[in-house]
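Presented below is the structure to which this report refers.
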Amino acid sequence: MKKKSLHPSFDQTLELLRAHSFDVTPYAGVDGGVLVSKGGAGAMLTPTSRAEEARNEDPDGATLGCAVNPGIVVKGEVARLVDRGYQKFIKTSQYELPATASQLQAIHTFSEELKQLVGATSLYNESLGTTSDVYRYDRLMGREAADAVPAQPRELTDGH
């Protein structure tokens, strides 16, 4: 006899989110995608396919996936959070703006509440604060492209 899944279906999850004051709207950019938002922050959720469930080791895996990680909603688009080492930025397809403390707090609160309601795993480092989607430190930019050949110890260089 098959065990009952611990996770609700995609539609049941959306109803649960609506009951907790989340705005749930269809998203035209992805098939079956739904934009879930609350407090200025949002994420794009999609139902997982049966093929993805079959590949998972856990047969009782979640029935939804996060197509776009939580971020600030700007003109109907979920912005990505970019960390440049000295500042975090909100980046959309058209804009790149410095992130404010209230925006970072809204993203953190939204993602923690979403994980709790959906039943996703909450990791320790994510619970401490907001994590970024992309890390672009200016002191590391271009380092991987410069493959300088190291000088041998016995070879003369131009400076000596």
Original post:
What is the distance, in nm, between label points placed 7 Å from the Cα along the Cα-to-Cβ direction at Ala120 and at Ala101?
Top reply: 2.7
Original post:
How much net charge surrounds Ser127 when only other residues with a Cβ under 10 Å from its Cβ are counted (Lys, Arg +1; Asp, Glu -1)?
Top reply: -1
Original post:
Could you put Glu96, Glu126 in order, starting from the residue whose Cβ has the fewest other Cβ atoms within 10 Å?
Top reply: Glu96, Glu126
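Bear in mind that the values in this text are calculations on the coordinates, not laboratory data. Note that the structure is predicted; figures quoted are calculated from it, not measured. Positions of Cβ are generated from backbone atoms using ideal geometry, with glycine treated the same way; all protein chains shown enter the neighbour counts.
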